[in-house]
1. M15 passes all but one of (1) farther than 14 Å from V53 by Cα; (2) assigned to a helix (DSSP H, G or I); (3) not small (G, A, S); which number fails?
2. Going through region 22-42 one residue at a time, which ones are part of a helix (DSSP H, G or I) and not basic (K, R)?
3. Looking for something at positive phi and modelled with pLDDT of 90 or more - is there at least one such residue anywhere in region 5-15?
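The values are calculated or read from the model by the stated rules, or taken from the named source; none is laboratory data. What you see is a predicted model, and the numbers here were worked out from it, not measured in a lab.
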Amino acid sequence: MEHISLPPGLLTTSMAARLCGVTPATIRDWVRRGILTRAGGTPRRPYYRVSDVVTAKSTAKPSRPGQRGPAAA
């Protein structure tokens with residue numbers, strides 16, 4: 001369910017995911033890892049600033065132990 005009257009300059013998790021070309025789970029992972037911060041909303045329906053989402057998209061993501069690397073050629 002999307003917010004009907006979201007303030008200008010803010011995105012829901014689904015909207016942020018579409019903007020970045022990732023899944024909503026990735027957006028939640030970025031929040032958990034400290035790459036993206038919530039701008040408000042509720043715990044179940046957070047929203048994010050457009051500028052923060054764009055910055056998070058272009059930020060180098062730290063790798064985690066056991067994470068798959070680039071495919072071998």
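1. (1)
2. Initial filter on region 22-42 (part of a helix (DSSP H, G or I)): 24-33.
P24, A25, T26, I27, D29, W30, V31, listed by residue number.
3. Just the residues of region 5-15 that are at positive phi, to begin with: 9.
Among the residues that remain, those that are also modelled with pLDDT of 90 or more are: 9.
Yes, the conditions are met somewhere in region 5-15.
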